[in-house]
Amino acid sequence: MNASAVRYGPRAPEARVDHEIDATTAPIATEAVTITYLTDPEIVAAVLPQPLVPAGEPLVRIQLQRVRIDGMPTFTSAVFSVTARHGDVDGDYPLFMPQSTEQSVTGGRETFGEPKKLAHIEVDREGDRVTAGVERLGNRLITVTGQVNGPAELPPDQVNTEFYFKFLRAPDGNGITDPHLVYGEYHRHYELLENIDGTVELGESPLDPVADIVIREIRSITWCRRRTVQVGRIAERVPAEWLLPYVHQRYDDVALLAAPRPTRA
């Protein structure tokens with residue numbers, strides 16, 4: 001067999017393409033349910049690694065979406081984030097980014113540092129009835145049900161920022177390697193935006209404790225159709241000691257599966 005035909009062999013420079021960049025810099029078509037709600041300020045402060053600090057109000061944003069990227073099968077994804085600030089930049093810090101496909105998980109984690117995990121995600125609409133949810137490892141984590149009650153004003157084209165930390169666990173078990181703060185900049189054009197009357201429930205899980213980010217006041221539930229271009233860039237290098245207390249946000253601590261479940265008042 002010719003060595004050049006061995007697909008695990010070296011690739012020529014023109015073939016060394018990061019397809020995650022190609023995919024995200026082409027318009028990404030999504031249909032999404034988005035929930036915003038207020039939680040407690042001390043909860044947001046507790047989950048933010050340095051150099052992030054809380055934003056002006058303790059707002060949480062949940063997005064559950066159907067995603068279409070040219071050349072890829074349609075998949076579903078979700079983002080569970082809290083508002084944060086870095087310097088003079090306001091944005092969202094995702095705590096949980098479940099995805100329905102391995103390709104979406106590995107591409108986003110390896111290229112941008114997104115905290116992605118495999119999960120089962122539903123985003124369904126029949127007429128004006130909307131249901132959506134996330135289930136992972138047998139735990140129902142997010143449940144949304146509602147009824148579209150009319151159009152909302154279309155927002156202007158905008159750039160929304162998400163903050164990620166790109167790092168890997170050290171192979172000898174001693175900390176993490178080369179951490180950086182990354183800006184994920186989402187250039188969005190909305191084609192449709194509608195208001196929803198509905199409910200949101202957060203479920204318990206030892207590995208994905210979204211229920212700790214308690215709901216105090218629902219601000220909005222919407223359905224949208226939009227197109228997005230994602231651009232990632234490194235903002236700054238981060239001392240490893242700033243992130244070490246938060247590594248569990250990204251990596252499952254399987255020992256917790258055997259631990260007693262917390263009780264809530």
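Listing for the model above:
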| quantity | calculated |
| --- | --- |
| Inter-probe distance in nm under a simple model that places probes 7 Å from Cα toward Cβ, at Thr101 and Glu14 | 2.7 |
| Amide hydrogen neighbours beyond the local backbone of Gly232, cut-off 5 Å, H modeled | Glu185 |
| Unit charges at the beta carbon, dipole of the stretch 178-218: most positive-side option, His189, Val210, Thr199 | His189 |
| Accessible area per residue in Å² at 1.4 Å probe, computed on the chain | 52 |
| Dipole moment magnitude, nearest 20 debye, the stretch 19-253 about Cα centre, only Lys, Arg, Asp, Glu C-beta charged | 280 |
| Ratio of the Cα radius of gyration of the chain to 2.2 N^0.38 Å, where N counts its residues | 1.05 |
| Rounded to whole Hz, the Karplus (6.51, -1.76, 1.60) HN-Hα couplings of the stretch 168-176, x for glycine and proline | 10, 5, 5, x, 8, x, 9, x, 10 |
| Hull volume in cubic angstrom per residue (convex hull over the Cα atoms of the stretch 186-232) | 125 |
| Within the stretch 88-122: backbone nitrogen closer than 18 Å to the Thr36 label point (7 Å, Cα to C-beta) | 89-95 |
| Rg and Dmax [Cα atoms of the stretch 97-249; Å; Rg one decimal, Dmax integer] | 17.8, 55 |
| Label-point separation in nm, Arg237 to Arg7, each point 7 Å along Cα→Cβ | 3.8 |
| Residues whose placed amide H lies under 5 Å from that of Val238, excluding near-sequence neighbours | His180, Leu181 |
| 3J(HN,Hα) from dihedral phi, the stretch 28-39, Karplus parametrisation 6.51/-1.76/1.60, rounded to Hz, x for glycine, proline | 9, 8, 9, 10, 9, 9, 10, 10, 10, 8, 8, 10 |
| Accessible-area composition of the stretch 77-127, carbon plus sulfur, in percent [1.4 Å probe] | 45 |
| For peptides 5-13, 160-168, sequence by mean Cβ density within 10 Å, most packed first | 160-168, 5-13 |
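The values are calculated or read from the model by the stated rules, or taken from the named source; none is laboratory data. Not measured: the values here are computed from a predicted model. Positions of Cβ are generated from backbone atoms using ideal geometry, with glycine treated the same way; all protein chains shown enter the neighbour counts. All accessible areas refer to the heavy atoms of the entire protein, side chains included, with ligands and DNA or RNA removed. Shrake-Rupley method; radii C 1.70, N 1.55, O 1.52, S 1.80 Å.
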